[in-house]
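Novice: Before anything else, here's the structure in question.
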Amino acid sequence: MSGMRHPSGTKAVSPHALGAVAVLIGLAWTLRTTLAGGPPLHWLVTPLALYVLGPYWAAVAVLGGAGFASATGTVNMSEMPMAVLLDGWLPIAVAWGWLRLIERRLPPHLFVYLFVAVFAGTLVATLAGGAAERLLFAAGARRETGADWWIALLILADGEAVTTGMVVTGLAIYRPQWLQTFDAERYLGPSGPGR
């Protein structure tokens, strides 16, 4: 199978990669914990989906992941639109905006991509999604969260950023063609004997 191509002309995405990322998102969303006075905490995996699939297909993978989490009973059907928005599309939009900002403002260097765009972008996106979810939860619950929930969010966001950074680093080294947001010529220079 040749892969699916977004109308904008980006690299083709394998349907297998799309399915695997959707299942990974669904699995991550089923592994959750709840602290008293706050919404459940779980890994998002959506920033990783952005780097592997690009923004369009990452948004589609979120729908598949939410369907998976709903089928397992972790996410109720009534909660699914908010989960897709806050745990899926908002972090993708934040990470995509961060990546575009970094590409415009900083030099095209591999470490800028890996550390500033991917690691810091995942951290910011995870914190944004968690903070938005917490603020909406507080508005509906009419109660304040203790500091424990915010500390847990920071720890979770850092773990997700480190893991996403490690996975993207490995893919950038060994399989750069699997990353939609990584341009080997931009970050590594031209390949070939004249290099």
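Novice: When the chain is fully extended, how far beyond the present Cα-Cα distance does Ile173 get from Ala131, taking 0.36 nm per residue of separation?
Specialist: Here the answer is 11.8 nm.
Novice: List Tyr51, Tyr56 from most exposed to least, where exposure is judged by having the fewest other Cβ atoms within 10 Å. All intermediate terms of the calculation are to be shown ahead of the outcome.
Specialist: Values: Tyr51 27, Tyr56 17.
By the 10 Å Cβ count, ascending, the order reads Tyr56, Tyr51.
Novice: If neighbour count is taken as other Cβ atoms inside 10 Å, put Thr33, Thr169, Thr126 in order from fewest to most. Please list the in-between numbers first.
Specialist: Working: Thr33 9, Thr169 17, Thr126 28.
Going from sparsest to densest Cβ surroundings: Thr33, Thr169, Thr126.
Novice: Then there's this: If each residue of separation counts as 0.36 nm, what is the full-extension length gain between Val23 and Ala139 once their alpha-carbon separation is subtracted? Write down the numbers at each step before the final one.
Specialist: Working: separation 116, 0.36 × 116 = 41.76 nm, distance 3.12 nm.
This chain segment gains 38.6 nm when fully extended.
Novice: Between helix 90-105 and the chain, what is the angle of the helix's C-alpha long axis to the longest principal axis, kept within 0 to 90° and rounded to the nearest 10?
Specialist: 40
Novice: Determine the calculated [θ] at 222 nm for the chain from helices alone, applying -39500 (n - 2.57) to every DSSP H run no shorter than 4 residues and normalising by the residue count; nearest 500 deg cm²/dmol.
Specialist: Working: 7 runs with 116 residues, N = 195.
For the chain, the value works out to -20000 deg cm²/dmol.
Novice: How high is the relative contact order of the chain, given as a whole-number percent (alpha carbon pairs under 8 Å, six or more residues apart)? Numbers along the way, then the final one.
Specialist: Numbers: 255 pairs, mean separation 47.1, N = 195.
This gives 24 percent for the chain.
Novice: What size of dipole, in debye to the nearest 20, comes out for the chain about its Cα centre when the only charges are +1 on Lys and Arg C-beta atoms and -1 on Asp and Glu C-beta atoms?
Specialist: Values: 12 positive and 10 negative charges, 88 e Å.
For this selection, approximately 420 debye.
Novice: Taking the Cβ of each residue in Trp96, Trp150 as the centre, tally the other Cβ atoms inside 10 Å and list the residues starting with the fewest. Could you put the intermediate results ahead of the total?
Specialist: On the way: Trp96 20, Trp150 16.
Least crowded to most crowded, the residues run Trp150, Trp96.
Novice: To continue, here is another question. Under a point spin-label approximation (7 Å from Cα along Cα-to-Cβ), what is the Ile151-Ser14 distance to one decimal in nm?
Specialist: Reported label-point gap for Ile151 and Ser14 is 4.3 nm.
A short reminder: the numbers here are calculations on the coordinates, not readings from a lab. On a predicted model such as this, the values are computed, not experimentally measured, just so you know. Note that each Cβ is placed from the backbone with ideal geometry, even for glycine, and that neighbours are counted across all protein chains shown.
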